[in-house]
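Working notes, beginning with the structure itself.
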Amino acid sequence: MTISLTQSPFDTNRIDFERMRRDRHAKLLKAMQAADIDALILSGRANVMYATGAQPLLTDSARDFYQPTMAAVTRDGATHLFTPYPEGAAPGFSRDNVHAPFMPEFEDGVRQMADRLKALIGPALKGKVGVDDFSAAMMTLLPELLPRATFVDPGPAIGGARLCKTRDEIECLKTAQAINDNAMYDVYQRLRPGVRQTELTGIFLKRILELGATGNHVDPIWMVPPARLSDGPRMLLQDLAFPLPTTGRILDEGDTILVDTGIEYMGYASDFGRTWLCSLDPRPPKRQVEAYKVWREVSLAVQAAARPGKTGGDVTRAALKASGGRKAWLKQFYIVHGIGLDSAEAPMIGTSLGDQFDESIVLQPGMIMVIEPVIWEDGYGGYRSEDIIAVGEKQPEMISTFPYTPWEPYP
C-alpha cells in the first residue's frame, strides 16, 4: 500500500468566482471599446471561458471539433453561450442566454449560426465583428450571410484584456500549480529504475484528481533525452527535440528525466518543469551541475528584472548577462512565456521574434511569467526547470513551490 505524501484537496474559499467572471467580462468590453469592435464570435476554448465563465469539457475532442462551445459578445455587454454542455455554464450566467451548440464545420451549420446570431445580436453584426477562429465553412459563407459585417482579427484586443490577471485569476493559477506541485511528491517517491513512464503518468493523474484538479491538459512528459544530438531526433534548428511524448519505456539507472506536466483548476493552467535523475542514489554529474547553475542564475536574473515598467528587452538582457553573454538555451525555445487559461500565452520573451519585439513588451502588475530556458550542451546533456512568477506592484510573487531535487546541494 502506498501512502500519499501530499495534502488533501485545497481550500479555495479565497477565490470569488462570480467576481472573477464579472471582472473578466468588464475587461473584455473595455478592450472591445478601445479596438472599436462591435461584436465577437468566439470558439477558442480559453476565449469562451474568459468571456462567459463557462467550463467546456476537456474530453471527447472529436465532438468538440464539430460541436464546440462558442460565445457571442456585443459591445454593449450582451453575451450568449452556445454549448453542448449547458451544465458547464457559470452559476451567475443568465440561463436565457445559454443556447444549443453550433456546428461550424458544416455549411448548413454555418447558415444556422448566421440566422441565430442575426436573431440575437443583429444590430451588432452591421459593424466590426471579431472572429477568433474561422472554420473553412465559416470563412467561405459568413461574409455572404452577414454582408454588412466587417470581419477583423480580435486577437490583440482579447490578448490585451487577458494579459494582466486579476487577484482571483492569480489565486486560481496558484491553486492549479499547488495541486500539480503536490502531486509530484507522490510521483517522485515512485521514481526508481524499472518503473515505466506510463506508470508515473497513472500516479500523477490519479493524485491531481484527488487534490481537486478539474482537468489535465498536458499529456505528462517524462522524457529521457540523449546526451548527444546525433543519438536522437533534432528540431529544424538542429537543437534537441523537446518535448517527446511518453511511452511504456522502462526507466534505467542513471537516466536523466525532463519532466513537463500541466493540469487545470477551473480552466486555469499549471506548468511544472523539473529535471530529475532516475537512480537509487541520485548524484548529478559535474557538467549537469554546471548546467543547473546556469539555469538557476538565469531564473534569478529574470526574477530580479521582473518589475513594472521594465521591458521584455530588459529581461532578455538580464538573462544573457547571467549566462555569460551567450544564449545558453535551446534556439527554438524562449526565456519566458505567459500562462492563464492557455498553458502558453502572452507575454512571450526571448523568442526568435527578436529584440524589437521584446522591447515592445512592458511589464505590468498581474502579468504571469513562466521562466523556462532549456540549458543544453551536446555530449553532456543539460538542465531544465520552470519557475512561475506573478509580476507585483514592487516585486514578483513566486507561484512554483517544488524544490530542485536533487540539485539543491549545488547552489
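When Tyr268 is tested against (1) surrounded by fewer than 23 Cβ atoms within 10 Å (Cβ to Cβ); (2) at pLDDT 95 or above; (3) closer than 30 Å to Asn47 by Cβ, exactly one condition is not met: (1).
Report yes if some residue within the stretch 154-169 is in a loop (DSSP other than H, G, I, E, B), surrounded by 15 or more Cβ atoms within 10 Å (Cβ to Cβ) and basic (Lys, Arg); otherwise report no. So far as the stretch 154-169 goes, yes, one or more of its residues are in a loop (DSSP other than H, G, I, E, B), surrounded by 15 or more Cβ atoms within 10 Å (Cβ to Cβ) and basic (Lys, Arg). If I filter the stretch 353-367 for residues that are touching a Leu at 6+ places or on another chain (Cβ under 7 Å) and surrounded by fewer than 22 Cβ atoms within 10 Å (Cβ to Cβ), do I get at least one hit? Within the stretch 353-367, not a single residue is touching a Leu at 6+ places or on another chain (Cβ under 7 Å) and surrounded by fewer than 22 Cβ atoms within 10 Å (Cβ to Cβ).
Take the conditions out of contact with any strand residue (DSSP E or B) (no Cβ under 9 Å at 6 or more places or on another chain) and either more than 19 Å from Ala241 (Cα to Cα) or among the charged types (D, E, K, R) (or both) and apply them to Ala322. Does it pass?
Values: out of contact with any strand residue (DSSP E or B) (no Cβ under 9 Å at 6 or more places or on another chain): yes; either more than 19 Å from Ala241 (Cα to Cα) or among the charged types (D, E, K, R) (or both): yes.
In short, yes.
The set of residues in the stretch 387-399 that are closer than 27 Å to Leu240 by Cβ and crowded, with 22+ Cβ neighbours inside 10 Å comprises Asp387, Ile388, Ile399. Each residue in the stretch 190-239 was checked for being in a helix (DSSP H, G or I) and either under 14 Å from Arg274 (Cβ atoms) or touching a strand residue (DSSP E or B) at 6+ places or on another chain (Cβ under 7 Å) (or both), and 7 pass. When the stretch 55-76 is filtered for residues that are loosely packed, with under 14 Cβ neighbours inside 10 Å and either more than 23 Å from Gly130 (Cβ to Cβ) or in contact with a Lys or Arg (Cβ under 7 Å, 6 or more places away or on another chain) (or both), the ones remaining, listed by number, are Thr59, Asp60, Ser61, Ala62, Arg63. What number of residues in the stretch 339-359 are in contact with a Gly (Cβ under 8 Å, 6 or more places away or on another chain), within 18 Å of Gly325 (Cα to Cα) and assigned to a loop (DSSP other than H, G, I, E, B)? Total satisfying the criteria: 1. Scanning the stretch 77-133 for residues that are in a strand (DSSP E or B) and crowded, with 16+ Cβ neighbours inside 10 Å yields Thr79, His80, Leu81, Phe82, Val98, Lys128, Val129, Gly130, Val131.
The values are calculated or read from the model by the stated rules, or taken from the named source; none is laboratory data. None of these values were measured; they are calculated from a predicted model. When we count neighbours, we look across all protein chains shown, and the Cβ atoms used for this are built from the backbone with ideal geometry, even at glycine.
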